[in-house]
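The values are calculated or read from the model by the stated rules, or taken from the named source; none is laboratory data. For clarity, every value in this text was computed on a predicted model and none was experimentally measured. Note that each Cβ is placed from the backbone with ideal geometry, even for glycine, and that neighbours are counted across all protein chains shown. Surface areas here come from the heavy atoms of the whole protein model, side chains and all, with no ligands, DNA or RNA. Shrake-Rupley method; radii C 1.70, N 1.55, O 1.52, S 1.80 Å.
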Amino acid sequence: MIRIFGGPTRYVQGPGAIGELGTLTERLTKRPLLVVDADVLPFVEAQLSTAFTGRPSITLAFRGEVTHAAIDLLVEQADDADCVIGIGGGKGLDAAKGVAFKLGLPFIAVPSIASNDSPTGRSMAIYNDEHVLVAIETIPDSPLLVVTDTQLIANAPARFLRTGMGDALAKKFEAERAVADGASNFFGTGQLRTALAIADACYQTLREHGVAAMAAAERHEPDEAFEAVVEANVLMAGLAWESGGLSYAHAVVRGLVKARGAASAPHGDHVGYATLVQLAIEGRDDGFILDVIGFNRSVGLPASLAELDMGSPTPDEIAEIARLTTIGPKGGRIIVNADPGQIADAIKRVEQLATRES
């Protein structure tokens, strides 16, 4: 009956927060290694220089795939660092986590986009040079600190916020399903109620502020709605999936990443659509699913396979998405009780409802 809830030791969010990085890390590290996404570095270099004036630090630019070889190259340049600070998008943060993992050092995350919930979590995706996923590895401890600068995030293309909403949208339904199916969370235990409460708050925040937040993202001006959705995308969703669990929505993604046209869509778009499939698998009524379809379209998330660039899917293509949903190394953390036929029927139902709503 032991249950674990985990997350970063401290979370800081707001416009210009990266400017406080020096003060925030003063007690945490004497010689930090900064692994910075090469495309982000020009936009934060001056602030980082100011933040770490008078303190020894190492800054390494990262570009490319997060491979074991790339991580090893960064490790060779670490030069007695005592903490790793990752700054950038998903790849930059995962590369920094990889360095922290290999050196046995604490990790600090500074996301430059709000397209996913990885900054608060311990997991990292390792690929090969052909962008084929080879492993999901986990640093032993949650981040010491997450610093989310909403002005930096607002300066990014608005599509990143949208895809982050797609990833976050599923968390309420997945955490609830994980509990119902007896799936463990990503600490390998059952769920505390706190995780479910946060997952629900994440969903409610998206529904209340999503449309206005996208408008702010298009203006590149963080306002209260934007702040709320960034918090939902990064913090709430991150706590919800790691301490709550995942379910059908992320399982369906295993099929979508191999599907014609849809394969090239961002992860958050996959999850946003797959959330609808999960609701159909669960037997939710038409009105409920149509309501979520309406929300997806209001913020620019897909509600059909055609909106994932998979026009006129054939029965065989749908069957293959369903088949792939049921396989893969999920263990007790993602339980798929529905069979391929039931999943295919759920996809067809979503397609029909999406046509009715359009």
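Per-structure values
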| read-out | value |
| --- | --- |
| Every pair of residues 6+ apart whose Cβ atoms lie under 9 Å, when the first sits in region 73-98 and is in the same structural domain as PHE43 (by the TED database) and open to solvent by 10 Å² or more (accessible area, probe 1.4 Å) while the second is assigned to a helix (DSSP H, G or I) and among the polar types (S, T, N, Q) | GLY90/SER118; ASP94/SER118 |
| Qualifying residue in region 23-45 (condition: open to solvent by 10 Å² or more (accessible area, probe 1.4 Å) and of a type in the set (Ser, Thr, Tyr)) | yes |
| Tally, over region 7-25, of residues that are more than 21 Å from LEU103 (Cβ to Cβ) and not in a helix (DSSP H, G or I) | 8 |
| Test for VAL12: is it at pLDDT below 95, closer than 23 Å to PRO140 by Cα, surrounded by 16 or more Cβ atoms within 10 Å (Cβ to Cβ) and touching a helix residue (DSSP H, G or I) at 6+ places or on another chain (Cβ under 9 Å) | no |
| Conditions (1) aliphatic (A, V, I, L, M); (2) touching a residue at least 40 places away in the same chain (Cβ under 8 Å); (3) in contact with a Ser or Thr (Cβ under 9 Å, 6 or more places away or on another chain): number failed by ALA51 | (2) |
| Looking only at region 241-258, and only at residues there that are open to solvent by less than 10 Å² (accessible area, probe 1.4 Å) and part of a loop (DSSP other than H, G, I, E, B), the one that is nearest to PRO8 (Cα to Cα) | GLY244 |
| Residue within region 109-117 that is in contact with a His (Cβ under 9 Å, 6 or more places away or on another chain) and open to solvent by less than 10 Å² (accessible area, probe 1.4 Å) present | no |
| Odd one out for THR275, checked against (1) open to solvent by less than 10 Å² (accessible area, probe 1.4 Å); (2) outside any helix (DSSP H, G or I); (3) not aliphatic (A, V, I, L, M) | (2) |
| Count - residues of region 291-334 that are open to solvent by 40 Å² or more (accessible area, probe 1.4 Å) and β-branched (Val, Ile, Thr) | 3 |
| Number of positions in region 103-130 that are at pLDDT below 90 and over 18 Å from the mean Cα position of the chain (by Cα) | 3 |
| Answer from GLU208, GLU224, GLU282 - the residue that is among the acidic types (Asp, Glu) and in contact (Cβ under 8 Å) with a residue 24 or more places away in the chain | GLU282 |
| Which numbered condition ALA178 fails, given (1) open to solvent by 10 Å² or more (accessible area, probe 1.4 Å); (2) touching a residue at least 12 places away in the same chain (Cβ under 8 Å) | (1) |
| Test result for ARG254, within 25 Å of LEU308 (Cβ to Cβ), basic (Lys, Arg) and under 18 Å from the mean Cα position of the chain (by Cα) | yes |
| Test for ILE2: is it open to solvent by 70 Å² or more (accessible area, probe 1.4 Å) and either at positive phi or of a type outside the set (Asp, Glu) (or both) | yes |
| Close pairs (7 angstrom Cβ cut-off, 6 or more residues apart or separate chains): among the polar types (S, T, N, Q) in region 23-48, in a loop (DSSP other than H, G, I, E, B) anywhere | THR29/ASP82 |
| Matching helices (runs of 4 or more DSSP H) fully within region 78-193 where at least 2 residues are of a type in the set (Asp, Glu) | 171-181 |
| Which numbered condition HIS209 misses (of (1) assigned to a helix (DSSP H, G or I); (2) touching a strand residue (DSSP E or B) at 6+ places or on another chain (Cβ under 9 Å); (3) surrounded by fewer than 24 Cβ atoms within 10 Å (Cβ to Cβ)) | (2) |
